[in-house]
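Heads up: the structure comes next, in structure tokens.
Rule-based calculations on the coordinates, nothing more; no lab input. Not measured: the values here are computed from a predicted model. Counting neighbours? That spans all protein chains shown, and the Cβs are built from the backbone with ideal geometry, glycine included.
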């Protein structure tokens, strides 16, 4: 259930006016932001075959008890009956969620995925779209660990 709350929080972040966000810093292809009591690191995919709209976020939401929790928004709607996998440095993590929003199925998987991406060069999310075509959103991870740390520290400092 905590992951569904994170999804709701991320949707609220996307709907909030940009002026409500405070930039903590930009590190490589990752940005760190504070919005009210919540903080997050976020990036767009570097490879999405021309699709737009996807992003990866690692959020800290003190009021919800979440710290450095993974959320992915796909660049394309996925087939609901097909699995989605996050691949990081040779490790594969199952994801759960809606047609476009995904997260780890449990806290241990969430922690392991975030730990893996902190030291990797790239990650990809593989899925099958509603037309049954495989696709992947690929992210460069240069700056991710620093952005995650900056976002986490910004929320802890408050």
Checklist line | the range 2-156: translational diffusion in µm²/s, Stokes-Einstein, Kirkwood Rh over Cα pairs, 37 °C, 0.692 mPa s | finding: 214 µm²/s
Margin query: For a quick check: sort 110, 149 by the number of other beta carbons within 10 angstrom, fewest at the front.
Written below: 149, 110
Checklist line | Kirkwood-type radius of the range 65-158, with distances r between different C-alpha atoms, in Å | finding: 13.9 Å
Next item on the list: Please check which bits of the range 61-88 a label hung off residue 121 would reach, taking the label as a point 7 Å along Cα-to-C-beta and the cut-off as backbone N under 18 Å.
Entry: 87-88
Next item on the list: Treat each spin label as a single point 7 Å out from the Cα along the C-beta direction, and report the residue 79 to residue 91 distance in nm.
Entry: 2.9 nm
Checklist line | Per-residue Cβ neighbour rank within 10 angstrom, fewest leading, 155, 39 | finding: 155, 39
Check: Tell me, in nm to one decimal, what length is gained between residue 23 and residue 51 on full extension, where the rule is 0.36 nm per residue of separation less the Cα-Cα distance?
Finding: 7.5 nm
Item checked: Relative exposure of 124, 75, 119, judged by other C-beta atoms within 10 Å (fewest first) -> 119, 124, 75
Next item on the list: Express the Stokes-Einstein translational diffusion coefficient of the range 45-94 in µm² s⁻¹, to the nearest whole number, given a Kirkwood radius over alpha-carbon pairs, 10 °C and a viscosity of 1.306 mPa s.
Entry: 123 µm²/s
